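Have a look at the structure below, then the notes.
The values are calculated or read from the model by the stated rules, or taken from the named source; none is laboratory data. Since the model is a prediction, treat every value here as computed from it, not as a measurement. So basically every Cβ, Gly included, is an ideal-geometry build from the backbone, and we count neighbours across all protein chains shown. The area values use the complete protein model at the heavy-atom level, side chains included, leaving out ligands, DNA and RNA. Shrake-Rupley method; radii C 1.70, N 1.55, O 1.52, S 1.80 Å.
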Amino acid sequence: MELIVFTNNGQTYHFFEVIDFKPTTTGFSFTYTGKATGVTRKVVFNSTSTAGYALAETK
């Protein structure tokens, strides 16, 4: 999956190879692998700092 996160302060983050996307009580979490580094990381975003997100299935 691909995920784009829009923050309240106008920043946009684009994540590739997203797995385990889950809503949490305070926001959402997911795991992704960095394109440049190849490192897999788990991320947690808080709802109060995000304006929204777009999630797309990749083929």
inquiry  = Please list 3J(HN,Hα) in residue order for region 30-46, calculated via the Karplus relation 6.51 cos²θ - 1.76 cosθ + 1.60 where θ = phi - 60°; whole Hz, with x for glycine and proline.
reply    = 6, 10, 9, 10, x, 5, 6, 9, x, 8, 8, 9, 9, 10, 10, 10, 8
request  = Give, rounded to the nearest 20 debye, the magnitude of the charge dipole that the chain has about its Cα centre when Lys and Arg contribute +1 at Cβ and Asp and Glu contribute -1 at Cβ.
outcome  = 120 debye
query = What ranking do 13-21, 35-43 get when scored by the average of other Cβ atoms within 10 Å per residue, highest first?
reply = 13-21, 35-43
request  = Give the ranking of LEU3, LEU55 by solvent-accessible surface, highest area first, calculated with a 1.4 Å probe.
outcome  = LEU55, LEU3
note = Stretched fully, the stretch from THR25 through SER49 gains (0.36 nm per residue minus C-alpha distance, one decimal, in nm) 7.2 nm
task = Using only the Cα atoms, work out Rg/Rh for the chain, with Rh taken as the Kirkwood radius, to two decimals.
result = 0.95
ask   = Considering the dipole of the chain built from charges on the beta carbon (Lys and Arg +1, Asp and Glu -1) around the Cα centre, which of ILE19, VAL44, ALA56 is farthest to its positive end?
value = VAL44
